[in-house]
Structure formats: structure tokens, C-alpha cells
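**Q** Quick one: this structure, given as C-alpha cells, is what I'll be asking you about.
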Amino acid sequence: KKGVPVVFVDSDLTESARNCYIGSDNYQVGYMAGEALNDAAPNEKRICMIVSYENNSNQQERIKGFLDAADNTVELQVEAIVEGKSSALILGNKLPEILRKYPDINVIVCAEGVSSHYCWKILEENGFSLDKYCIIGMDYYEDLAPFIKNGVYSAVIWQDQYRMGYEAVKYLKDLYDGKERIE
């Protein structure tokens, strides 16, 4: 209302008066994860999905895209959705609890970056066999490379966080400089 430009990065609020959104098409990101699951996971899929906050629109879009793409010709069951609040500590407590409660889970879908980064470590530290799970991550970190190479992670959807931040700052600078931007 006071003319302050607003740019949303990675998560959008379409009903806001924001100037623009810079980020991934979260439905498409989820859809890509579902396609990766079709290629990587066993026929019977018992799924644990990890989200930052279940009510965040980007997380809901990723879940919808994932479920739309997941192959429904095989048995697919989302056993649990874990809300990790983008915290390794919270996830480190909740994920082992869920995996013990639902021992048939064989797929872990990380719909946000913190869980992608720490999932393997939480499993290992709590005595879970990495071979049991098909892990699909979102957001790439260099230290995941060996786990991708050796098959612990079946797929990782890579968002370019640096570029998103760069484009947001560039947009605001262009706006400040009076340059017209075409979206």
C-alpha cells in the first residue's frame, strides 16, 4: 500500500499485491518427483512425504504434482506426511518415529531442501538401512553427490536457488532504476 516493491522467492502468494514471483513451478517440481518415483521405486510404494509446512502453497503444489504423476497402476499409499518445519533437529526426531510406526514405508519423498540434505544422515544415525528406501530429494547440495552416485538417492530435483535470489535482486534493481521489465 505504501509503494514498497515486493518480490516472492521460491514460495508465492498469488492473492497478494506482490510485484512478482521468482521461483520454480512447484506443481511441475512435484510432477518430476512423481515421474522419478515411477522409474525408481518398487511396484508396491509405501510413501513418507516430508514437507516444511504442510499448509505452505509451494508444498501443497509439490504434493499435488507428485500424486498426479505417480503411477497409479501399481499399489501406492502415502502412509505419512512429516512436517519438518525446515529443521534438521525436528526432522531428526520425527522421521525415525514415523519409520518405526510405519515399517512398510519404502519410499521417502523430500518436498523441501532441509530433508533432502539430511535424510540419509538421519536414517544412518538411527540404524535404518539406506538400501531399504527409495529417496527422492528436492534441492541439490554438493555433499549429496556421492549418495546420488551410489544410488541412495534415486533422484534429486535441482532448483537453482542462487539464480532465484539473483533474479529477485536484479528485478528490484531494475525497478529502482526505472527499467521496464517484461515478465
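**Q** Can you tell which of D25, D71, D39 is of a type in the set (D, E) and open to solvent by less than 60 Å² (accessible area, probe 1.4 Å)? Break it down into steps so the answer makes sense when it comes.
**A** On the way: D25 fails: open to solvent by less than 60 Å² (accessible area, probe 1.4 Å); D39 fails: open to solvent by less than 60 Å² (accessible area, probe 1.4 Å).
So the residue among D25, D71, D39 that is of a type in the set (D, E) and open to solvent by less than 60 Å² (accessible area, probe 1.4 Å) is D71.
**Q** For I135, all conditions in the list (1) on the phi > 0 side of the Ramachandran plot; (2) open to solvent by less than 30 Å² (accessible area, probe 1.4 Å); (3) at pLDDT 90 or above hold save one; what is the number of the exception?
**A** Only one criterion is unmet by I135, namely (1).
**Q** Follow-up. Give me a count of the residues in the stretch 10-37 that are at pLDDT below 90 and of a type in the set (V, I, T).
**A** Looking only at that region, the number is 1.
**Q** Here's something else I'd like to know. Do you know which residues across the stretch 59-112 are of a type in the set (F, W, Y) and either farther than 23 Å from G151 by Cα or at pLDDT 95 or above (or both)?
**A** Within the stretch 59-112, Y102 is the sole residue that qualifies.
**Q** Now for a separate question. Taking into account only those residues within the stretch 92-119 that are more than 20 Å from S57 (Cα to Cα) and of a type in the set (A, V, I, L, M), which is nearest to the chain's Cα centre (by Cα)? Lay out the reasoning, then the answer.
**A** Restricting attention to the stretch 92-119, the residues satisfying the condition of being more than 20 Å from S57 (Cα to Cα) are 92-108, 117-119.
Add one more test, that the residue is of a type in the set (A, V, I, L, M), and what stays is 95, 98-99, 105, 107-108.
Numbers: L95: 15, I98: 18, L99: 19, I105: 18, V107: 14, I108: 11 Å.
That would be I108.
**Q** Residue check: is K64 in contact (Cβ under 8 Å) with a residue 12 or more places away in the chain, surrounded by fewer than 22 Cβ atoms within 10 Å (Cβ to Cβ), of a type in the set (K, R) and part of a helix (DSSP H, G or I)? Talk me through it step by step, then tell me what you get.
**A** Values: in contact (Cβ under 8 Å) with a residue 12 or more places away in the chain: yes; surrounded by fewer than 22 Cβ atoms within 10 Å (Cβ to Cβ): yes; of a type in the set (K, R): yes; part of a helix (DSSP H, G or I): yes.
Yes: the conditions hold for K64.
**Q** Can you tell me which residues in the stretch 129-183 are assigned to a helix (DSSP H, G or I) and closer than 18 Å to A40 by Cα?
**A** Start the filter on the stretch 129-183 by keeping residues that are assigned to a helix (DSSP H, G or I), which leaves 130-132, 142-149, 161-176.
Result: L130, D131, K132, L144, A145, P146, F147, I148, K149.
The values are calculated or read from the model by the stated rules, or taken from the named source; none is laboratory data. Source: prediction; values computed, not measured. Please note: Cβ atoms are built from the backbone with ideal geometry, for glycine as well, and neighbour counts cover all protein chains shown. Keep in mind that these areas ignore ligands, DNA and RNA; they rest on the heavy atoms of the full protein, side chains included. Shrake-Rupley method; radii C 1.70, N 1.55, O 1.52, S 1.80 Å.
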